[in-house]
There are 2 protein chains.
Amino acid sequence: MNIGIVGLGLIGGSLGLDLRSHGHYVIGVSRRASSCQTAMAIGSVDEASVDLSVLAIAEVVFICTPLGIIVPTVEQLITFLPATTVLTDVGSVKLPIVQAVSSLWHNFIGGHPMAGTAESGIEAALRNLFVENPYVLTPTLTTPKSAITVVEGLVQQLGSNIYFCAPEQHDKAVSWISHLPVMVSASLIAACVDNGDLEVLQLAQNLASSGFKDTSRVGGGNPELGVMMAKYNRDALLDSLQGYRNNLNQIIDLIECENWDKLEEMLQFSQSNRPGFIKD
Amino acid sequence: MNIGIVGLGLIGGSLGLDLRSHGHYVIGVSRRASSCQTAMAIGSVDEASVDLSVLAIAEVVFICTPLGIIVPTVEQLITFLPATTVLTDVGSVKLPIVQAVSSLWHNFIGGHPMAGTAESGIEAALRNLFVENPYVLTPTLTTPKSAITVVEGLVQQLGSNIYFCAPEQHDKAVSWISHLPVMVSASLIAACVDNGDLEVLQLAQNLASSGFKDTSRVGGGNPELGVMMAKYNRDALLDSLQGYRNNLNQIIDLIECENWDKLEEMLQFSQSNRPGFIKD
């Protein structure tokens with residue numbers, strides 16, 4: 001199958017490596033000539049170009065650009081495509097993307113491969129990045145069955161665990177387990193620094209160990225990504241933040257009232273529910 | 001030196017291993033005969049007993065019991081000791097312990113070795129557990145210089161990074177970097193489970209990955225320990241929780257007002273400040 005990839009970063013580059021290893025002919029497009037060259041050099045694509053028109057021969061195109069430029073990219077891309085081309089994207093928020101792209105191109109299914117590393121860029125591309133990781137597909141009532149079948153087949157070749165759900169459901173779920181933790185964790189770092197006592201801050205910095213390190217990790221990540229999550233998944237994230245604040249307020253109240261039995265119950269609830277989210 | 005250790009768990013057992021390797025004669029006391037036997041078997045002590053009176057010959061005694069029984073243990077122990085014996089403890093909260101024990105025994109200095117593993121109990125005892133980890137000592141204006149010197153010397157032999165501070169400062173610092181993260185992280189798990197939509201919960205559980213795993217780790221820990229922190233360090237923890245809630249409220253407001261520039265600034269602040277807490 002002729003497969004196009006627009007956006008040659010970690011995800012696009014890794015997709016190319018795996019899809020080529022299954023015998024597909026992969027055509028990559030990047031705005032940067034240097035990414036095209038690297039993608040060729042590491043074997044991520046069969047050909048690469050800075051020009052979207054090379055994708056006219058692709059049967060399926062994966063849009064792997066940053067979230068903010070998926071829709072403008074599709075607007076440009078579709079001027080070169082026959083109506084039979086299947087489009088899919090890998091954006092981490094689905095509802096606004098699916099709504100906007102579906103109105104531009106009928107033959108589209110939203111997707112979100114939930115895999116990554118601490119690195120980014122084409123240089124970080126890896127074989128088998130998606131194996132046993134979740135890959136969410138978000139068809140709607142109007143998504144052509146043929147588009148679902150084609151993309152599902154390719155994702156199966158990647159070895160991912162495929163989940164189908166509505167775009168709204170995806171956005172709510174990732175709000176809880178991915179976007180909320182970023183805000184919770186960023187607030188933790190900021191609150192410690194803002195505590196108002198420099199001696200305490202210095203001591204805290206010296207004493208911080210693995211517990212603080214783990215809890216603060218995602219809050220210390222890329223600020224632009226954090227804003228993107230909040231911008232595109234605003235409603236779901238606000239719901240999660242308010243639910244979270246309610247829980248936090250309960251904990252604060254229990255400690256204020258010295259209701260240690262109920263606090264222990266709440267901590268037991270958290271302890272017993274954590275394994276449901278953790279695979280290994 | 002003859003050194004007593006009351007409480008043969010991970011910390012007491014590991015202290016014994018290291019202190020014996022520096023040539024000290026280590027006498028262990030546990031309420032459980034089985035812990036005494038294990039401590040002997042793994043070489044953590046030279047002799048062990050369930051009877052505190054064996055510590056009459058110790059020059060220094062480390063109280064390594066759970067936080068809640070440090071004071072009653074000291075009350076019993078001191079009936080067997082000459083006034084020259086130096087006492088120290090390893091409790092994770094210092095002000096209430098230091099206040100109570102100082103009034104019982106003049107020759108006392110509070111301490112807190114900040115080291116551990118996911119395991120607990122004497123079976124988990126390790127050599128070199130304290131090497132390059134913080135060990136906080138919290139003398140007060142009335143702590144005898146000789147007691148400070150003796151305990152500081154032993155802690156140096158453990159290879160720890162020693163920090164001296166007032167008990168209040170210790171408690172504030174650990175509230176920020178250890179006790180607050182537990183509550184923040186426990187609230188995250190509870191809020192996700194309480195979200196009210198079972199389909200979203202199930203999807204969230206399937207999609208949760210390393211970000212959620214790390215942010216939720218300390219919140220899924222031992223509930224009794226969490227309550228103990230809150231109980232003994234209540235005032236400092238409430239301060240931290242309120243400071244944290246203020247920061248969280250700011251983030252919620254910025255997302256509500258779609259003030260993306262200011263949100264990015266806040267996330268940049270967190271990103272740039274995290275390395276100050278992280279050693280490796």
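The values are calculated or read from the model by the stated rules, or taken from the named source; none is laboratory data. What you see is a predicted model; the values in this text were computed from it and never measured. Note that each Cβ is placed from the backbone with ideal geometry, even for glycine, and that neighbours are counted across all protein chains shown. The accessibility values were calculated without ligands, DNA or RNA, using every heavy atom of the protein model including side chains. Shrake-Rupley method; radii C 1.70, N 1.55, O 1.52, S 1.80 Å.
Some notes on this structure:
- In region B:184-280, GluC sites (Glu not before Pro) in a DSSP loop with at most 13 other beta-carbon atoms within 10 Å: B:GLU258
- B:VAL131, A:VAL218, ranked by accessible area, largest first (probe 1.4 Å): B:VAL131, A:VAL218
- The largest accessible area among B:ILE57, B:ILE69 belongs to the first residue in B:ILE57, B:ILE69, and the rest follow in falling order (1.4 Å probe, all chains).
- Size of the A/B contact, given as accessible area buried on both chains, probe 1.4 Å, in Å²: 8700
- Between B:TYR25 and B:VAL131, the FRET efficiency from the beta-carbon distance, with R0 = 25 Å, is close to 0.70.
- With q set to 0.08, 0.13, 0.15, 0.17 Å⁻¹, the log10 of I(q)/I(0) for chain B, from the Debye formula over equal scatterers at the Cα positions, is -0.41, -0.91, -1.12, -1.36.
- Angle in degrees between helix B:234-256 and the longest Cα principal axis of chain B, rounded to the nearest 10: 20
- Helical contribution to [θ] at 222 nm, DSSP H n ≥ 4, -39,500 (n - 2.57), averaged over chain A, rounded to 500: -15500 deg cm²/dmol
- Per DSSP, loop chymotrypsin sites (Phe, Trp or Tyr not before Pro) in region A:204-259 with at most 12 further Cβ within 10 Å: none
- Exposed-loop-free span, longest in chain A, where trypsin sites (Lys or Arg not before Pro) count as exposed if DSSP calls them loop and at most 15 other C-beta atoms lie within 10 Å: A:128-278
- Neighbouring Cβ atoms from other chains, within 10 Å of the Cβ of residues in A:132-139, number 1 on average.
- Taking all protein chains together and rolling a 1.4 Å probe, B:TYR163 ends up with roughly 50 Å² accessible.
- Carbon + sulfur, % of accessible area of region B:169-277 - ligands and nucleic acids excluded, 1.4 Å: 43
- Within region B:178-192, the residues that become at least 30 Å² less accessible when every protein chain is included than when their own chain is isolated (1.4 Å probe; DNA, RNA and ligands ignored) are B:PRO181, B:MET183, B:VAL184, B:ALA186, B:SER187, B:LEU188, B:ILE189, B:ALA190, B:ALA191, B:CYS192.
- At R0 = 30 Å, FRET efficiency that the Cβ-Cβ distance of B:ASP261 and A:SER34 yields, to 0.05: 0.50
- Sorting B:LEU198, B:LEU95 by solvent-accessible area of protein heavy atoms yields B:LEU198, B:LEU95, largest first, with a 1.4 Å probe.
- Distant-in-sequence amide contacts of A:ALA48, defined by a placed amide H-H separation under 5 Å and a gap of 5 or more residues or a different chain, comprise A:GLY28.
- Prolate/oblate/rounded label for region B:169-277 (Cα gyration tensor, a/c 1.5): oblate
- Per-residue HN-Hα couplings for region B:34-43 [Karplus 6.51, -1.76, 1.60; θ = phi - 60°; Hz; x = Gly/Pro]: 5, 5, 4, 5, 5, 4, 5, 4, 8, x
- Backbone HN-Hα couplings from phi across region A:91-108 [Karplus 6.51/-1.76/1.60, Hz, Gly and Pro as x]: x, 7, 10, 10, 4, x, 5, 4, 4, 5, 6, 4, 6, 8, 8, 5, 7, 10
- Peptide A:107-114, shielding by other chains (average Cβ, 10 Å cutoff): 1
- Principal-axis analysis of the Cα atoms of chain B puts helix B:180-193 at an angle of about 50° to the longest axis.
- Ligands, DNA and RNA aside, A:HIS106 has an accessible area near 130 Å² when probed at 1.4 Å.
- 10 Å Cβ neighbours from other chains, averaged over peptide A:234-247: 5
- From the alpha carbon centroid of region A:226-273 to that of region A:102-138 is 30 Å.
- Averaged over its residues, the protein assembly as shown has an accessible area of 40 Å² per residue, based on protein heavy atoms and a 1.4 Å probe.
- Helix B:260-273 vs. chain B, principal-axis angle (Cα, 0 to 90°, nearest 10): 20
- Region A:113-155: GluC sites (Glu not before Pro) in DSSP loop, at most 14 other beta carbons within 10 Å: A:GLU119, A:GLU132
- Global geometry of region B:1-93, whether rounded, prolate or oblate, following the gyration tensor of its Cα atoms and the 1.5 cut on a/c: rounded
- Heavy atoms of B:VAL50 accessible to a 1.4 Å probe, total area in Å² rounded to 10: 90
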